[in-house]
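*Asks:* This is the structure I want to talk about, given as structure tokens.
The values are calculated or read from the model by the stated rules, or taken from the named source; none is laboratory data. Note that the coordinates shown come from a computational prediction; the quantities given were computed from them, not determined experimentally. Ideal geometry is used to build each Cβ from the backbone, glycine not excepted, and the neighbour counts take in all protein chains shown.
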Amino acid sequence: MSRIWNFSAGPSTLPLEVLEEAREEFVDYRGAGMSIVEMSHRSRPYEEVHEAALADAKAVFGAPDDVRVLFVQGGATLQFAMVPMNLLRPGLKAGYVDTGVWASKALADAALHGEVETIWSGETEGYRRAPRPDEVRVDEHLRYVHVTSNETIGGVQYHAWPDPGVPMVADMSSDLLSRPIPWERFDLVYGGVQKNLGPAGAAIVFVRESVLETTRRDLAHYLRYDVHADRRSLYNTPPVFTIWMVGKVLRWIRREGGLEAMARRAEEKANLLYGAIDGSGGFYSNPVEPDSRSRMNVVFRLPSPELETRFVAEAEEAGLSGLKGHRSVGGCRASIYNAMPVEGVRALVEFMDDFLRRHG
Ligand SMILES: *Cc1c(COP(=O)(O)O)cnc(C)c1O
């Protein structure tokens with residue numbers, strides 16, 4: 001077997017231990033004579049998998065008792081709509097912080113379903129940073145303030161959370177599980193699971209019970225948070241494979257030392273990579289302000305698009321995959337989620353140093 005170092009932004013690398021465990025159990029799930037993806041989602045073995053994933057998500061994320069965990073299909077993208085659909089109504093308004101591509105998409109969809117305003121935008125500065133906490137202040141009464149904790153494409157991450165004085169809703173798709181969450185500031189946290197938590201197929205949503213009491217009931221059933229909460233994310237057929245795998249990743253994180261350990265590891269990996277960029281005499285460059293640099297998605301440019309193409313191709317040959325930047329911005333990007341070992345980042349840094357010697 002030869003596994004490469006996979007720096008893809010999502011779907012993305014998963015812990016080898018988790019993949020091996022899944023392979024081991026796949027064809028005949030614990031003596032059931034069938035796999036987990038072939039049995040009824042109302043069967044005993046699946047219900048155990050499902051309940052364990054919900055409980056482990058709450059425990060590993062450190063969510064307080066009054067927060068409910070939901071698995072919803074449609075990825076983070078459907079949450080862009082479900083959040084305003086459920087939380088807003090005529091007379092209620094939400095504030096959005098615009099830190100880049102994903103925040104803008106969340107805002108655009110919310111604007112179709114309720115009254116919204118942009119309360120801070122990094123657009124005129126070229127999306128080079130997250131706002132400082134004192135820049136996200138709201139005077140009027142807003143139902144919530146929406147933030148994107150990590151801009152997966154721009155490589156911009158909050159390292160100091162805003163405290164706007166109203167509850168926050170956060171899209172944490174690309175840095176879920178990479179650090180502890182200050183739950184007291186959030187009414188709702190969501191993210192697609194395919195970056196840091198498992199294969200594609202679901203979003204995980206954490207929502208306060210007090211919020212569930214006020215969400216709209218005049219929506220199609222699948223779009224209602226209260227329905228997913230009441231039915232324990234079994235209102236309809238859930239993405240059973242995804243949830244099974246998410247459960248395994250959660251238990252892997254617990255074995256590895258939980259969110260504190262993930263945060264330390266993320267910092268170590270990010271420091272290695274930014275160190276290589278900053279120490280390259282300008283050959284590699286990162287446009288993000290130092291205190292907003294993402295520890296999950298490290299974006300960098302080379303002196304020319306030709307060198308970037310060459311870099312990505314040679315890296316691929318050296319067993320370092322997925323380093324091409326998002327098609328909308330170009331350049332290079334290394335996504336170093338929880339499952340990327342430090343050795344993978346070391347291999348990338350060595351390759352970058354070597355490429356610099358040959359082409360710098
Ligand atoms: C990937 C991503 C999304 C979109 O997720 P889907 O699950 O593909 O809908 C939204 N927000 C952020 C921050 C992302 O990284």
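*Asks:* Can you tell me how many residues in the stretch 113-144 are within 16 Å of the ligand (Cβ to nearest atom) and of a type in the set (A, V, I, L, M, F, W, C)?
*Replies:* 1
*Asks:* Let me ask something else. For the stretch 183-230: of the residues being assigned to a helix (DSSP H, G or I) and hydrophobic (A, V, I, L, M, F, W, C), which is nearest to the ligand (Cβ to nearest atom)? Before the answer, list the steps.
*Replies:* Filtering the stretch 183-230 down to residues assigned to a helix (DSSP H, G or I) leaves 183-185, 209-212, 221-223, 225-230.
Subset that is hydrophobic (A, V, I, L, M, F, W, C): 183, 211-212, 223, 227, 229.
Values: TRP183: 19, VAL211: 20, LEU212: 22, LEU223: 15, VAL227: 20, ALA229: 20 Å.
Residue satisfying both the conditions and the ranking: LEU223.
*Asks:* Right, another one. Starting from the stretch 52-77, take each residue that is on the phi > 0 side of the Ramachandran plot and at pLDDT 95 or above and list its partners that are assigned to a loop (DSSP other than H, G, I, E, B) and of a type in the set (Val, Ile, Thr), counting only C-beta distances under 7 angstrom and pairs at least six apart or across chains.
*Replies:* Matching pairs, first to second residue: GLY62/ILE181.
*Asks:* Taking the conditions exactly as written (touching a helix residue (DSSP H, G or I) at 6+ places or on another chain (Cβ under 9 Å) and closer than 15 Å to ALA57 by Cβ), does ASN196 satisfy them or not?
*Replies:* Numbers: touching a helix residue (DSSP H, G or I) at 6+ places or on another chain (Cβ under 9 Å): yes; closer than 15 Å to ALA57 by Cβ: yes.
When the stated conditions are applied, ASN196 passes them.
*Asks:* What is the number of the single condition among (1) out of contact with any Gly (no Cβ under 7 Å at 6 or more places or on another chain); (2) among the aliphatic types (A, V, I, L, M); (3) more than 12 Å from the ligand (Cβ to nearest atom); (4) more than 29 Å from ALA266 (Cα to Cα) that LEU70 does not meet?
*Replies:* For LEU70, the failing item is (4).
*Asks:* A further question follows. Look through the stretch 145-156, keep the residues that are hydroxyl-bearing (Ser, Thr, Tyr) and over 13 Å from LEU107 (Cα atoms), and return whichever of them is farthest from the ligand (Cβ to nearest atom). First the steps, then the outcome.
*Replies:* Pass one, the stretch 145-156, residues hydroxyl-bearing (Ser, Thr, Tyr): 148-149, 152.
The next check asks that each one be over 13 Å from LEU107 (Cα atoms); those that pass are 149, 152.
Working: SER149: 8, THR152: 3 Å.
Per the criteria, the residue is SER149.
*Asks:* Pairs needed: first member in the stretch 91-112, more than 20 Å from GLU135 (Cβ to Cβ); second member anywhere, among the basic types (Lys, Arg) and in a loop (DSSP other than H, G, I, E, B); C-beta distance under 7 Å; at least 6 residues apart or different chains.
*Replies:* LEU92/ARG143
*Asks:* I've got another one for you. Here's a check for you: in the stretch 227-241, which residue that is hydroxyl-bearing (Ser, Thr, Tyr) and within 13 Å of LEU70 (Cα to Cα) is surrounded by the most Cβ atoms within 10 Å (Cβ to Cβ)?
*Replies:* Of the stretch 227-241, the ones hydroxyl-bearing (Ser, Thr, Tyr) are 233, 235, 237.
Add one more test, that the residue is within 13 Å of LEU70 (Cα to Cα), and what stays is 233, 235.
On the way: SER233: 25, TYR235: 16.
Across the stretch 227-241, the extreme among qualifying residues is SER233.
*Asks:* Could you list, ordered by first residue, the pairs with Cβ atoms under 6 Å in which the first is in the stretch 287-311 and over 25 Å from GLN194 (Cβ atoms) and the second is outside any loop (DSSP other than H, G, I, E, B) and small (Gly, Ala, Ser), at least 6 apart or interchain?
*Replies:* Pairs found: ARG301/SER285.
For every residue, the table says whether it meets (1) crowded, with 16+ Cβ neighbours inside 10 Å; (2) of a type in the set (A, V, I, L, M); (3) closer than 30 Å to VAL288 by Cβ.
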site: PRO64; (1), (2), (3): no, no, no
site: VAL69; (1), (2), (3): yes, yes, no
site: VAL72; (1), (2), (3): yes, yes, no
site: GLN79; (1), (2), (3): yes, no, yes
site: ALA94; (1), (2), (3): yes, yes, yes
site: TRP102; (1), (2), (3): yes, no, yes
site: LYS105; (1), (2), (3): no, no, yes
site: GLU115; (1), (2), (3): yes, no, no
